[in-house]
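Working notes, beginning with the structure itself.
The values are calculated or read from the model by the stated rules, or taken from the named source; none is laboratory data. Predicted model, so just to flag it, every value in this text is computed and none were measured. Here Cβ is always computed from backbone atoms with ideal geometry, including for glycine, and neighbour counts include all displayed protein chains. Remember, those area values only see protein heavy atoms, side chains included, never the ligands or the DNA or RNA. Shrake-Rupley method; radii C 1.70, N 1.55, O 1.52, S 1.80 Å.
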Amino acid sequence: MKEMRQTITATAVLAMLSLPSAGIAQGPQTANALSLTLRTAGDRREFRPGETIPIELEFNSPVPGRFFVRSSTYDYSGRLTIDEYRIEPNDLVTDPMLDYFAASRGFVGGGASTNLPIDKPVIVRLALNEWFRFERPGTYTVSLRSSRVTDGDPRGPGRPAVVPVESNTISFAVLPPDPQWEASEVRLASQILSSRAWDPFRRDGCRILRFLATDAAVDEMIKRYDDGQWGCEFDHMIGMFAAADRARTVRQMEAGLRTNRPPVSENYLETLAILSVYLQHPEFAPAQTRVAKGNEPRSGELSRHEDLIQAAQAKYAAIVTAADPAPTFLELSPERQLRLLRDEWPRVNTPTMTTVLRQLEEGTSSSWPSIADVALRRLYEVAPEQARPIILGDIQSPPQDATLATLGLLPERELPWLDEVLLSNVQSAGVDGADSIHSELLQRYASAQIAQRLLVYVDSRIGRMACRQQAALLAYFLRTDESRGQTLLDRALTSRSTGCSQTVLADVARYKK
């Protein structure tokens, strides 16, 4: 009944516009009102099992500027349901994400979206594999009913009506499995993901493995699950759910707890826990029905057994805790190292990590300067006697990507014997903010003895300095000579040479905490 009411509404809207409603019912067969043309990219008609099936939705209208198309594709927040797919034979396809959503691990989303006016054909590009997995050879037909179109700009006042529109029907063949092709795809994906060169399409390597989901692809995803590259975490996770041999996937992920460069992430543990509970309780898995496929269940049977998932996750976490992260930590990708040191430190904080932290701090094991800074911060937590001389040296000559969060850790309120070095560093840094760390370290450690000489440097530059640099120096004067600091702050607030006046109070306050 809901679908019927939506269709009647769309028809009524078009009737009020004195436009034929045939465009909704017939799609591309008519040039009236709206049309939606569905096609595979390049009009391909043959695909292998697990191969990416790129599709294009082309929206068109002879009434320019009246209709708008929501351009959302897909993102990590959930599944788009604004396109209702019809696939035949439906019993030959599966939904690779149904188990994931049924465990209450997702919600309706769509990520960044733009509402585009149909002044000319608007094309939305998608991958059919996001919704359906084609593993069995045969000929398939696909059409869809889209609710992307509104009569009027949805960003404007009011709530413009959604106008459902039907597409044409296309057909394509899925060929028999080809082990040689599958092996070549895994090699291609591995080459893509092993490259350190920046490429906006690098995530395609993750999607190749995710959609393929063969045994070899699963093994590659497990090996790379936590490497942090190219934003692949979600693809790797869904690849585990999509794999046909779930028992093998669970075994391989369990083996990875001991051999796959520990420590593994919380996401890895949770995914493994959910899959293992599904394996032990197949009755919890949602049925792959025509209605369920391609949609998003609010919850499934497993969502009512969170205790089982937590128990499994705790069991696997105990295995990880028993493993020493130090021997393999330097083999991790820089992205993964940084995440563990910065966001998941308790998972790797063991006595054996001290040597690793020293190597990372020295920069001998990573090309990422920010890793050295965070490693020094953690070294100060676990071995302050080792970290203190390093910090003192870095205060005088800060390395690239040094932060006050690390170099400001020493307990002394001031380090007067460093006054001259701190002042000299600020005077030679310029006003463009490229070396703002010098100003931050001066406000953190310098004594009042250099205030007058610093004032000579700062007085004519207030209002022209970079915001972060200026805020740090103002904080220094407010600490050492409040009256003078207040006078300088008032000048900074009234200056219009830069945009710093709008944020200077908040910027200064951050240093006074």
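In terms of packing, defined here as the mean over residues of other Cβ atoms within 10 angstrom, the peptides 238-250, 126-138 line up highest first as 238-250, 126-138.
Normalised by the number of residues in region 352-413, the mean separation of alpha-carbon contacts (under 8 Å, six or more apart) gives a relative contact order of 31 percent. Largest accessible area first, the listed residues Arg444, Arg496, Arg479, Arg79 line up as Arg496, Arg479, Arg444, Arg79 when surface is computed with a 1.4 Å probe on the assembled protein chains.
Site pair Thr114 and Arg304 shows an inter-label distance of 4.5 nm when each label is modelled 7 Å from Cα along Cα→Cβ. Per-residue extension of 0.36 nm, minus the Cα-Cα distance of Tyr457 and Lys315, leaves a gain of 45.0 nm for this segment. The phi torsions of region 315-325, fed into the Karplus equation with coefficients 6.51, -1.76 and 1.60 and a -60° offset, translate into couplings of 4, 6, 5, 5, 5, 5, 4, 6, 8, 8, x Hz, rounded to whole numbers, with Gly and Pro shown as x. Within the shell of other residues whose beta carbon sits under 15 angstrom from the beta carbon of Gln386, the net charge comes to -1, with Lys and Arg scored +1 and Asp and Glu -1.
With both labels modelled 7 Å from their Cα along Cα-to-Cβ, the Thr259 to Arg45 distance reads 4.6 nm. In terms of its Cα atoms, the chain spans 82, 60, 41 Å along the principal axes, sorted from long to short. Rg and Dmax over the alpha-carbon atoms of region 247-293 stand at 13.3, 41 Å. Assuming charge only on the beta carbon of Lys and Arg (+1) and of Asp and Glu (-1), the dipole of the chain about its Cα centre is about 1000 debye to the nearest 20.
Taking all C-alpha pairs of region 368-427, those more than 15 Å from each other amount to 48 percent. Accessible surface for the chain, divided over its residues, is 45 Å² per residue with a 1.4 Å probe.
These residues, His236, His438, go from largest to smallest accessible area, 1.4 Å probe, as His438, His236. With the Cα gyration tensor of region 203-283 giving a ≥ b ≥ c as the square roots of its eigenvalues, does the rule (a/c under 1.5 for rounded; else a/b larger than b/c for prolate; else oblate) give rounded, prolate or oblate? Oblate, since a/c reaches 1.5 and b/c is not below a/b.
When every Cα-Cα distance of region 394-501 is counted in 5 angstrom steps from zero, the calculated P(r) takes the values 2, 13, 26, 26, 19, 11, 3, 0 percent. Using the Cβ-Cβ distance between Thr37 and Ala161 with R0 = 22 Å, the FRET efficiency computed as 1/(1 + (r/R0)^6) comes to roughly 0.50. Rounded to 0.05, the FRET efficiency of the Thr487 and Glu381 pair, given R0 = 41 Å and the Cβ-Cβ distance, is 0.55.
Hey, with R₀ at 51 Å, roughly what FRET efficiency would Glu283 and Glu412 work out to, going by the Cβ-Cβ distance, to 0.05? According to the calculation, E is roughly 0.20.
Between Arg510 and Ala405, the simple spin-label model (points 7 angstrom out along Cα→Cβ) gives 1.1 nm. Working ranking of peptides 89-101, 481-493 by packing, defined as the average number of other Cβ atoms within 10 Å per residue, highest first, is 89-101, 481-493.
Nonpolar atom fraction for the chain, defined as the carbon and sulfur part of the 1.4 Å probe accessible area, stands at 52 percent. The antiparallel fraction among DSSP beta bridges confined to the chain stands at about 90%. Orientation-averaged projection of region 254-361 equals 8.5 nm² [convex hull of Cα atoms, one quarter of hull surface area]. Between Thr350 and Thr503, residue separation times 0.36 nm minus the direct Cα-Cα distance comes to 51.0 nm.
Take the Cα of Glu135, go 7 Å toward its beta carbon, and the backbone nitrogen atoms of region 265-280 under 18 Å from that spot belong to 275-280.
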